[in-house]
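What follows is calculated from the coordinates using simple rules that are stated; it is not laboratory data. Keep in mind that what you see is a predicted model, and the values were worked out from it rather than measured. All Cβ positions, even for glycine, are placed from backbone atoms using ideal geometry, and neighbour counts span all protein chains on display.
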Amino acid sequence: MTKTGLILAAHGSTTEPIVNRQVETLVGQIAERGLFGAVRCAFHRGIPPFSEAVDQIDADEIVVVPLMASDGYYATAVLPAALASAERFGDVAIRQTHAVGAHPRIPEIVSTRCRAVMAQFNCEPQATTVLLVGHGTPRHRDSRETTRRCVEYLTSRGVAAEVLPAFIEDQPSIEAAMTHAAHPNVVVIPFMIGFGRHVTKDIARRIGLAAVEESQLPTVSQLSVSALSGRRVVLDKPVGVDPEIEALIIDLALHDVSAGRASHALP
């Protein structure tokens, strides 16, 4: 047991296999690098659950990287409590990093993605609103923070004429943000970690598109809803499927430079 064990902790899904498969794929890719003694995934909804993943790793130290978009409710409340219920808790050093979505390079990655999608669909920056859609929740004040920081970054870099935040379970809502979008092109970037119903069904429906398959993203549609008629709307893939996410996970696990703060050991 000479190397640290790594757990990628994700929300997961018991009804959408693609969500958990994405995490399992990342685990395999990182394991191939040989940087850690063992690499495992763990889920709030899925197998293994957070606590059991700890018990399955034979290591003196375990680092847990939340594969989540923010240091919100699941990363700061649900995950630590579940880890503390592991049988080996107290016998192994467990260090939880900040969420992947809080890594300081995330805004740069989102910016690069925005520019690429706008170029792909011929959306001129001066005629485009970027809508960055986070999950959000009233249960935790920091759930909005990473989305807000990305909006500020994209605005400061002049990525588009307008950059607006929107949330699935917070304010401003997706519908309100769409109504306030001031330009004929609206590029919607899901600030989510993985594919799943939030992206392919919830966001798609709430921006006026039909449900889409993962393979169809990014996709473009002309809205016919009277209040938004004539808008050209592009729905992109979730931020978390960007190839750079793997490097951010490793960076957090080895250094945890997230937001300029140190990671914390669980008591």
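At-a-glance table
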{"item": "Cα point-scatterer Debye curve for segment 1-132, base-10 log of I(q)/I(0) at q = 0.12, 0.14, 0.18, 0.19 Å⁻¹", "result": "-0.54, -0.69, -0.99, -1.06"}
{"item": "Point-to-point label distance, Ser156-Arg197, nm (Cα→Cβ direction, 7 Å offset)", "result": "3.8 nm"}
{"item": "Glu108 paired with Glu244, simple spin-label distance in nm, labels 7 Å along Cα-to-beta-carbon", "result": "0.7 nm"}
{"item": "Helix-only CD estimate at 222 nm, as mean residue ellipticity for the chain, using -39500 (n - 2.57) per DSSP H run (n ≥ 4)", "result": "-8000 deg cm²/dmol"}
{"item": "Rounded tilt (10° steps) of 106-120 against the dominant C-alpha axis of the chain", "result": "40 degrees"}
{"item": "Computed over the chain: relative contact order in percent, which uses C-alpha pairs under 8 Å that are six or more apart", "result": "20 percent"}
{"item": "Globularity index of segment 162-234, i.e. its alpha-carbon radius of gyration over 2.2 N^0.38 Å", "result": "1.03"}
{"item": "Projected-area average for the chain over all orientations - Cα convex hull basis, square nanometres", "result": "13.5 nm²"}
{"item": "Derived scalar couplings ³J(HN,Hα) [segment 52-66; Karplus, 6.51 cos²θ - 1.76 cosθ + 1.60; whole Hz; x for Gly, Pro]", "result": "5, 4, 4, 6, 8, 9, 8, 8, 7, 9, 10, 10, 10, 10, x"}
{"item": "Residues Arg206, Arg148, sorted so that the one with the fewest Cβ neighbours within 10 Å comes first", "result": "Arg148, Arg206"}
{"item": "Mean separation of Cα contacts under 8 Å, 6 or more apart, over the residue count of segment 106-241: relative contact order %", "result": "26 percent"}
{"item": "In sequence order, calculated HN-Hα J values of segment 201-210 (Karplus, 6.51, -1.76, 1.60; Hz; x Gly/Pro)", "result": "10, 5, 5, 4, 5, 6, 9, x, 9, 6"}
{"item": "Enclosed volume per residue, in Å³, of the convex hull spanned by Cα atoms of segment 131-176", "result": "55 Å³"}
{"item": "Diffusion coefficient, µm² s⁻¹, Stokes-Einstein with Kirkwood Rh over alpha-carbon pairs of segment 106-241 at 4 °C and 1.567 mPa s", "result": "89 µm²/s"}
{"item": "Helix 145-156 axis, angle to the chain major axis (alpha carbon atoms, nearest 10°)", "result": "50 degrees"}
{"item": "Pairwise label distance in nanometres, Ala211 with Gln171, each label 7 Å out on the Cα-Cβ vector", "result": "3.0 nm"}
